[in-house]
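Bear in mind these aren't lab numbers, they're just calculated from the coordinates by the rules spelled out. In this text, all values refer to a predicted model and were calculated from it rather than measured experimentally. Note: ideal-geometry Cβ built from the backbone for every residue, glycine included; neighbour counts use all protein chains shown.
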């Protein structure tokens, strides 16, 4: 029996669609587990005042992150607050969102923004041109 | 020869300079693919493979037949057959090439702000490659080095003849070596606009000298890696030129029209695949960790904990990843030869299946880099108004601010996985067609496809795995 090649193409499409349907997580808004080797970002998180706001402490010592955490994970739509303390005056620049926050020695400065776009955005010490880490904004 | 001793340190410094910019040009804003999508990609690729096997179970197609549709009757299709059209394209190509070099020498040396970085890396190496995959080998017509030589020949009315016969044994090895150096510069060279112009100037001198010695046909067929690269990519195009007419054909079918004519071409295709995979891998937490804890330890013993040591580690990683990809291919082809008891020479067998790897290599490239066109590509809007950074505003776009937030992570993930699965399906399909044409017995053809399928699945899962790994910060 001769089967039309188009039948096989349709079969492939149906298989891929079915697999997608069954493997896609049913719960929306929650990030699925990634292939992880870094500790979850939430460990060092300070208590959030609102459900959709996330706050992180960023301690900079000698142009490096002092508290070990260099990737902050948030969900799209979160209000993000980064509390910056440093042993030297500098400026923090967040790429993509193109936000900057200057800070003085041993004084807490805050970088606040709404993470309305998903993606991975690195932040650096603007004047020293030193990459510190990244903020990963997962889609809703 | 003595003079060369003075040049090497300069070349070494250019290849392994001190870091000048914290975040390099071409930063990706992609998130790692989520685990479920990674699983889906793997499962989807494997499931689709079995349907393809089922399709080929009773199929025998010793000759390559495919439908074509003559586009020449349409008015728009007549334009590319006109000589004046080619002349315009050639002039544009030469102007842009000259501008790329001049802006690197005269403009700012900040990679994020110079016109030549966006034009060369994003528009030419990515967008133009994807356009080539859509419309065919335009590069063979607009290649600025080739055009300059041809116009020079016409002007002085002398044809450049080869002074030294190109050694056949060299085949595509010069292109492979030059392509390797090019990727090395891209990955570890901390390229700046000035250095890009300098390298292009050196390459121009190399081209003219080599054409003078070996003739233009040999150089542009075997040695100019841009020509080899775009010729391979153009085989994907659903457009075919035949006797002055333009035809529409099934995409990717061009990969079956001819076999790789030398082992070195297989190496070139494998390097296209491995270098893209390696670029992604070295930027992941696991990849960087493996590099530091294996090769890094060896290089740091010899060179100390230096920047140079880190760069040498990355370079060695590029070579080792290539050897690993090649080893997997050759190992599984050895199995294919054994199970089919084929009497064909091994070299001929491995060359036969070379181009069936191209869809996977192309999918790797698309999945890894396509978002750069949407983000870094926007720089062109600003830079075109002031290519030399002289303060011009030619098109009133000099103040355009690049919006890096245009790529939605969700769409990027799904497209990345879709590219990889599609590349895999096409690769498996093409390999089966090659097998049916190559092996006289249907049974042998199908047997040969078991290791070939394993190979495709390994390459595909590797590509997906790299996309899903957490990315290195800083």
Problem - Over the protein assembly as shown, volume per residue of the alpha carbon convex hull, in Å³ - result: 193 Å³
Completion exercise
Given B:167-174, B:100-107, B:209-216, the highest-first ranking by average Cβ count within 10 Å works out to B:100-107, B:209-216, B:167-174
Practice task
In nm, give the distance between the simple-model label positions of residue A:129 and residue A:3, each being 7 Å from the Cα along the Cα-to-Cβ direction.
Solution key: 6.0 nm
Practice task
Within a 10 angstrom radius of each residue's Cβ in B:467-473, how many Cβ atoms of other chains show up on average? Whole number is fine.
Solution key: 6
Handout entry: the stretch B:221-366, Rg to Rh (Cα coordinates; Rh as Kirkwood inverse mean 1/r)
Key = 1.07
Practice task
Please report the relative contact order for chain B, taking Cα pairs under 8 Å with a sequence separation of at least 6, and give it as a percent rounded to a whole number.
Solution key: 26 percent
Completion exercise
Fraction of alpha-carbon pairs in the stretch B:66-257 farther than 24 Å apart, rounded to whole percent, equals 47 percent
Handout entry: Test item: B:41-48 mean partner chain Cβ contacts at 10 Å
Key = 4
Handout entry: CD proxy at 222 nm, helix term only [per DSSP H run n ≥ 4: -39500 (n - 2.57); per residue of the protein assembly as shown; nearest 500]
Key = -17000 deg cm²/dmol
Practice task
Describe numerically, in nm with one decimal, the distance between label points set 7 Å from Cα along Cα→Cβ at residue B:165 and at residue B:395.
Solution key: 5.1 nm
Problem - Rounded Å value of the spacing that divides the Cα centres of the stretch B:318-381 and the stretch A:98-140 - result: 38 Å
Practice task
Note down the relative contact order for the stretch B:329-474 as a percent, whole number, built from C-alpha pairs under 8 angstrom at least six residues apart.
Solution key: 33 percent
Completion exercise
Taking alpha-carbon centroids only, the stretch B:412-447 lies from the stretch B:110-162 a number of Å equal to 32 Å
Practice task
Quick one: divide the alpha-carbon radius of gyration of the stretch A:41-138 by 2.2 N^0.38 Å and tell me what you get.
Solution key: 0.98
Exercise for the section: Subtracting the Cα-Cα distance from 0.36 nm times the residue separation, let me have the gained length for residue B:208 to residue B:381 in nm, one decimal. Expected result: 59.0 nm
Exercise for the section: State the dimensionless ratio Rg/Rh of the stretch B:188-254 (Rg: radius of gyration of Cα atoms; Rh: Kirkwood radius). Expected result: 1.14
Exercise for the section: Fewest Cβ neighbours within 10 Å first, please rank A:64, B:195 accordingly. Expected result: A:64, B:195
Completion exercise
Here the relative contact order (percent) of the stretch A:41-138, from C-alpha pairs under 8 Å and at least 6 apart, is 27 percent
Fill in the blank from the handout: By the C-alpha gyration tensor axes a ≥ b ≥ c (rounded if a/c is under 1.5, else prolate when a/b exceeds b/c, else oblate), the shape of the stretch B:338-474 is prolate
Problem - Where labels lie 7 Å past Cα in the beta-carbon direction, separation of residue A:62 and residue A:83 in nm - result: 2.5 nm
Fill in the blank from the handout: Footprinting proxy, B:40, A:21, B:404: sorted fewest to most Cβ within 10 Å, the residues are A:21, B:404, B:40
Practice task
Only residues of the stretch B:237-266 count here: report those whose backbone N is under 19 Å from the spot 7 Å along Cα→Cβ of residue B:69, or say none.
Solution key: B:237-242, B:245-254
Exercise for the section: State the extension gain, in nm to one decimal, for the chain segment bounded by residue A:113 and residue A:24, taking 0.36 nm per residue of separation less the distance between their alpha-carbons. Expected result: 29.1 nm
Completion exercise
Listing B:262, B:343 by rising number of other beta-carbon atoms within 10 angstrom, fewest first, gives B:343, B:262
Completion exercise
Residue span residue B:286 to residue B:131: 0.36 nm per residue of separation minus Cα-Cα distance leaves a gain in nm of 52.4 nm
Exercise for the section: May I ask for the distance between the Cα centers of the stretch B:269-313 and the stretch B:92-107, given as a whole number of Å? Expected result: 33 Å
